[in-house]
Amino acid sequence: MGKLYKILKYFFITFWAVFVVAPFLWALTTSFKDFNSVNGGATYIPWVDFEPKLEGWRVLIKSPANGGVDIIEPYFNSLFVTCTASLISIILGTLSAYALSRFTFKAGFVKNNDITFFFISQRIMPPIVLSIPFFLFLGAINLLDSLIGLIVVYIVLLMPIAVWIMVDFFNKVPREIDETALIDGCNPYQAFFKVVLPNSIPGLIVAGMFCIIFGWIDFFFAFILTFTEVQLLPVKIVALNSSITPWWSLSASALISVAPLIIVAFVVERYLSKGNLSGAIK
Amino acid sequence: MSKINLDNISHTYNPSDPEPTYALNPFSMTWENGKRYAILGPSGCGKTTMLNIVSGLVRPSAGSILFDDKDVTDLKTEDRNIAQVFQFPVIYNTMTVFENLAFPLLCRDFVKEKINERVNSVAETLNLKSFLQSPARKLTADQKQLISLGRGLVREDVAAVLMDEPLTVIDPDLKFRLRRKLKEINEQFKTTLVYVTHDQNEAMTFADNIIVMSDGEVVQAGTPKELFERPNTTFVGYFIGSPAMNLFETEASPNDCVKINDTLIKTNTNLSKLKEKKIKLGIRSEFIDIASDQRENLISVEVQKVEDLGNYKLLTAKTGDLTIKSKIKRETEVPDRDVKLHIPADKCCVYENENLV
């Protein structure tokens, strides 16, 4: 029984690993192919099945005047917008979440849970509902087609995620930790920054990871709210497409666009598995 | 270290209700500097609320708290200079044991040398010295509770150390040693210790004074001896002591006697004003013995069972419908028949409406 279980377990893990890795391998090999290698039947192994070429990668950095698409600027635009919006969302979201977790708010029938739900509800409605208000709003303050405008919009989109995750996390951080810090001589701000926040690092990392992922992969708002001045990576990648699908450069751009998320996943994973909060009380 | 005065304190968690329920009914009390107090009572009786009021985590609905005659009712927790240890260990997970112990001193801007000296001294007392540089989160539950305790003891000048059932997670042997250690700390540094518990043995062995609470009310405060021998109410009699106090419903008879199953038992209480009133006679099982040469206050019983509990025997007997429990010496032989128990008049407590007469 034990042996069969072990065999099945490893079979499933291997199957899943292949399932996860295969698209990356496919994209990696395709990025080094040219038109003939892609359209001349299935080929897998470089130098054996096909002659690897760097054209797919070169297109990405060449200027449009030289027949390229130049994704470097959109790439850094995306990085800047995602990181800034995520950072601001995490800061604002964490403070809001702490307040919602520790203090009681009441305005008529609206209480803490309603306020938390209000934040989450921003993510429940379809994005299309928000597109026109955002467009008009950014237009009114002259921030259409600008990085700042995109950051403002992304904060609105990412902060609910941060609030949602952090409220849940702070609710699990025992109140006695705050109380002990007060008894030990901290004022409420010191208690938050010196004791509660360091204990909440796993929650902050999870919230940060989700903000970065959702910010990085957004195409819809980046497409609607920018035109010529500013472009983000997802919009630029889509612009790569033409009447003849350039699979090689699409694959290369897919790989470099997913690279930051893979790095984030590797960095974050070790913090998540530490389980820093376990045993703070009991 | 201060004298703590609780002046007409009461607290409700729903003050806006037309008829608020009180977690703590109005009471006044003084905790003298350098003494050991135990707050004893069943779960939900208001013990923790009382501690939280003293530490400032809860503001009382009414009344005032004075530390050495200074009103601190509206003073924030961090400004009260009080230490509190909770039922379950609360540690700062991201810090080492040393940093945990040093934290209260760092928050109060102590100099480095003083911090080192105090942390080392407390770690020595609590056997934590070898763990000082370890991450606090890696310790066992009882070691973590020692850290909580250590943070409470690391400041020498605290008004009082409040402990809310602090030894719940600690194994019995260490519990015993820690209680002794706390007593030593109290005797050495004259730190006022307030210890909340629902375990009467813990309270009796630890405290100079015990405050018994029930349903948000302070039922009785006194020395362990007073509480044991002269419980103010039947609740205290029942709650303190193992087994609980023997309580018999009865009526007053002439000459300060009460009738137990047709036998007159003399008491030392003046019962002249209680004629024909329903009263209760209370007597501890420790004071009831098998009659030898006594002539009065004897009651015939039928022995139900005798349990050998190691250092004593617990005799359960019946007289009519009433059950009497008596703790007798282990070497005492219990006769099979014609057993008479002696009830000493000076140990009898008489209760009217559950209150001591």
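Of note:
- Selection status of B:ILE210, among the aliphatic types (A, V, I, L, M) and at pLDDT 85 or above: yes
- Top-ranked residue of segment B:310-334 - restricted to ones that are in a loop (DSSP other than H, G, I, E, B) and touching a strand residue (DSSP E or B) at 6+ places or on another chain (Cβ under 8 Å), ranked as surrounded by the fewest Cβ atoms within 10 Å (Cβ to Cβ): B:ARG330
- The criterion of being among the polar types (S, T, N, Q), part of a loop (DSSP other than H, G, I, E, B) and touching a residue at least 12 places away in the same chain (Cβ under 8 Å) holds for B:THR191.
- Segment A:32-51: number of residues that are surrounded by 14 or more Cβ atoms within 10 Å (Cβ to Cβ) and either free of Cβ contacts under 8 Å to residues at least 24 places away in the same chain or more than 15 Å from A:SER251 (Cα to Cα) (or both): 5
- Scanning segment B:288-302 for residues that are outside any loop (DSSP other than H, G, I, E, B) and either among the acidic types (Asp, Glu) or surrounded by 17 or more Cβ atoms within 10 Å (Cβ to Cβ) (or both) returns B:ASP289, B:ILE290, B:ILE299, B:VAL301, B:GLU302.
- In segment B:340-357, the residues that are among the aliphatic types (A, V, I, L, M), part of a strand (DSSP E or B) and out of contact with any Cys (no Cβ under 8 Å at 6 or more places or on another chain): B:LEU341, B:VAL350
- Hits in segment B:1-37 - residues which are part of a loop (DSSP other than H, G, I, E, B) and either closer than 26 Å to B:VAL158 by Cα or charged (D, E, K, R) (or both): B:MET1, B:SER2, B:LYS3, B:ASP17, B:GLU19, B:GLU32, B:ASN33, B:GLY34, B:LYS35
- The single residue among B:SER28, B:SER61 that is touching an Asp or Glu at 6+ places or on another chain (Cβ under 6 Å) and in the same structural domain as B:ILE82 (by TED's automatic domain parsing) turns out to be B:SER28.
- Every residue from segment B:179-203 that is of a type in the set (Val, Ile, Thr) and at positive phi: none
- Verdict on B:SER134 being under 30 Å from B:ASP68 (Cβ atoms) and small (Gly, Ala, Ser): no
- Where a residue in segment B:5-24 is farther than 24 Å from B:ASP71 by Cα and its partner, wherever it lies, is aromatic (Phe, Trp, Tyr) and in a loop (DSSP other than H, G, I, E, B), with Cβ under 9 Å and at least six apart: B:PRO20/B:TYR13; B:THR21/B:TYR13
- Screening the candidates A:ILE88, A:ILE72, A:ILE61 for the property of being in contact with a helix residue (DSSP H, G or I) (Cβ under 8 Å, 6 or more places away or on another chain) and crowded, with 18+ Cβ neighbours inside 10 Å yields one hit, A:ILE88.
- Residues that are among the charged types (D, E, K, R) and assigned to a helix (DSSP H, G or I) were ranked within segment B:262-287; the one that is surrounded by the fewest Cβ atoms within 10 Å (Cβ to Cβ) is B:LYS273.
- Just so you know, in segment B:71-80 the residues that are of a type in the set (Val, Ile, Thr) and more than 10 Å from chain A (Cβ to nearest Cβ) include one that is surrounded by the fewest Cβ atoms within 10 Å (Cβ to Cβ), and it is B:THR73.
- Hits in segment B:116-158 (condition: of a type in the set (Val, Ile, Thr) and within 12 Å of chain A (Cβ to nearest Cβ)): B:THR140, B:ILE147, B:VAL154, B:VAL158
- Candidates are the residues of segment B:91-115 that are out of contact with any Leu (no Cβ under 7 Å at 6 or more places or on another chain) and aliphatic (A, V, I, L, M); the one that is farthest from the other protein chains (Cβ to nearest Cβ) is B:VAL111.
- Listed by position, the helices (runs of 4 or more DSSP H) inside segment A:143-252 whose residues that are away from chain B (no Cβ under 14 Å) and within 28 Å of A:SER78 (Cβ to Cβ) number at least 2 are A:147-172, A:201-217, A:220-225, A:233-240.
- Pairs meeting the criteria (first residue in segment B:220-239 and part of a loop (DSSP other than H, G, I, E, B), second residue polar (S, T, N, Q), beta carbons under 6 Å, at least 6 apart or on different chains) are B:ASN232/B:GLN220.
- Of the residues making up segment B:81-88, at least one is surrounded by 17 or more Cβ atoms within 10 Å (Cβ to Cβ) and either over 30 Å from B:ALA136 (Cβ atoms) or among the β-branched types (Val, Ile, Thr) (or both).
- Scanning segment B:236-253 for residues that are within 21 Å of B:LEU6 (Cβ to Cβ) and surrounded by 22 or more Cβ atoms within 10 Å (Cβ to Cβ) turns up at least one hit.
- Meets criteria (part of a helix (DSSP H, G or I) and within 30 Å of A:CYS211 (Cα to Cα)) for A:ALA17: yes
- Tabulated pairs, segment A:127-146, first at positive phi, second among the aliphatic types (A, V, I, L, M) and part of a helix (DSSP H, G or I), C-beta under 9 angstrom, 6+ apart or interchain: A:ASP145/A:LEU138; A:ASP145/A:LEU225
- Whichever residue in segment A:61-76 is in a helix (DSSP H, G or I) and touching a Lys or Arg at 6+ places or on another chain (Cβ under 9 Å) and, among such residues, is farthest from A:TRP216 (Cα to Cα): A:GLU73
- Those residues of segment B:51-70 which are away from chain A (no Cβ under 14 Å) and outside any loop (DSSP other than H, G, I, E, B), in sequence order: B:ALA62, B:GLY63, B:SER64, B:ILE65, B:LEU66, B:PHE67, B:LYS70
The values are calculated or read from the model by the stated rules, or taken from the named source; none is laboratory data. Just so you know, these numbers come straight off a predicted model, no measurement behind them. Virtual Cβ from ideal backbone geometry, glycine too; neighbours counted across all protein chains shown.
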